[in-house]
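Notes follow the structure.
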């Protein structure tokens, strides 16, 4: 059985300052064989991949290696305790958790007056940041203190008020979680299916009943996210942008909430950029990307995600506006950092999106060989079905790459393979069928440049009719086929025609 890598992954996730804090505290407070745990920590941290056999050889003769799994378990607890202490009070949420622990300690010591003061202080903090669960628990402590503390002087009316506050907090929390639940359902549909291509893909209309009203900051945040997601799944980007502007404004009206929940703000900015991309309101995007880049948080992981997201959004902006040379420069910067720790995608579907955009950028810049490199990263990755929509369009883009490279001998095989792939995944819509049929049946008949342009004109007319269906038009958000055909018909560079159409 493969040894557990939980400890390895935990250690490797630590920031340099978290590691220094652990070593300092462990060296001071762990007696006896404490130094051995610091040495074991350092040995695991130096490994690129966990290798328990190497650890055993390195520490052969040490008593703790006889029960290495026990030593690892104890070290895991030490690291966990170190992290909890290091991050104590680093956010309102953490401070409230600390206060609740302290209230419990004060209560057990019989320090009821001090306990009451700590409850009042924590309730004010919970109210400021709308932490409903903490507020409910603090109200429960308030009630317990009234019943336990001798001579507290609390009245039945005050007790009832505390119960009312407790129930109100729980109701507000439930209200927020109902919206959060709706978001989750839409999210998993989006993750597995991509953008909606037919009415049967939705199945989400019942999530937004007219009787629901958000009752707190968090509920309002989830409410706007739910409306955004629902509008986005229906391809209604105008409505989605309206909802996201309101959500961004909600956060900017509560700057302390941005400090407490920077991930929520970065997500709102990112979603608004996505909507504006689809609406082709490109002039509004750079300022939002600048806000995102300026956001610096306490979390190294979130900072990495922000860098990744802002880079991807900037890349997509260059693509959508036809500035493929700038996109190519950014691709080189991203590629140079692709293997670096601060540039690896946290989510697999984001990595797929990145590779698709990099392929698109290279295609637009005329670097078809490099475009193939990134397309193959998507096609050859069979480890996940995340972003199946991009997996499908990567194959369509692959066909266009081979057309540009003049690989006629390979096209017949690739077309058949692509057709089977799309058919099996129920992704063979009218748009894709027309493109595949054109490549398979019309291109082999072409003998001259004039015939090729004429064939492209016929395909353009056919696709222009198809994309009048809003569900079929979604294909153009993955690749601008119409503009590509225009470039072929007019004998111009793809990037040039893209910019002329802006």
statement: Residues of segment 445-468 being more than 12 Å from residue 486 (Cα to Cα), assigned to a helix (DSSP H, G or I) and without any contact (Cβ under 8 Å) to a residue 12 or more places away in the chain, in sequence order, are 445, 449, 450, 451, 465
query: (1) part of a loop (DSSP other than H, G, I, E, B); (2) more than 25 Å from residue 301 (Cα to Cα); (3) modelled with pLDDT of 85 or more: which one isn't true of residue 2, the others all being true?
result: (3)
task: Take residue 78 and decide whether it is in a helix (DSSP H, G or I), in contact with a helix residue (DSSP H, G or I) (Cβ under 9 Å, 6 or more places away or on another chain) and assigned by TED's automatic domain parsing to the domain that holds residue 119.
output: no
field: Tally of residues being under 20 Å from residue 112 (Cβ atoms) and not in a loop (DSSP other than H, G, I, E, B) across segment 125-156
entry: 13
statement: The condition from (1) in contact with a helix residue (DSSP H, G or I) (Cβ under 6 Å, 6 or more places away or on another chain); (2) over 16 Å from residue 476 (Cα atoms); (3) not in a helix (DSSP H, G or I) that residue 404 misses is numbered (3)
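Each row is one residue, and each column tells you yes or no for (1) buried (at least 18 other Cβ atoms within 10 Å of the Cβ); (2) in contact with a helix residue (DSSP H, G or I) (Cβ under 8 Å, 6 or more places away or on another chain); (3) over 23 Å from residue 236 (Cβ atoms).
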site	(1), (2), (3)
442	no, yes, yes
445	no, yes, yes
450	no, no, yes
454	no, no, yes
461	no, no, yes
473	no, no, no
480	yes, yes, no
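Just a yes or no: is a residue in segment 327-344 within 26 Å of residue 188 (Cα to Cα) and either at pLDDT 90 or above or surrounded by fewer than 19 Cβ atoms within 10 Å (Cβ to Cβ) (or both)?
Quick first cut of segment 327-344, residues within 26 Å of residue 188 (Cα to Cα) only: 343-344.
Next, from what is left, pick out any that are either at pLDDT 90 or above or surrounded by fewer than 19 Cβ atoms within 10 Å (Cβ to Cβ) (or both): 343-344.
Yes, that holds for at least one residue.
The values are calculated or read from the model by the stated rules, or taken from the named source; none is laboratory data. Keep in mind that this is a model prediction, so the values were computed, not measured. Backbone-built Cβ (ideal geometry, glycine too); neighbour counts: all protein chains shown.
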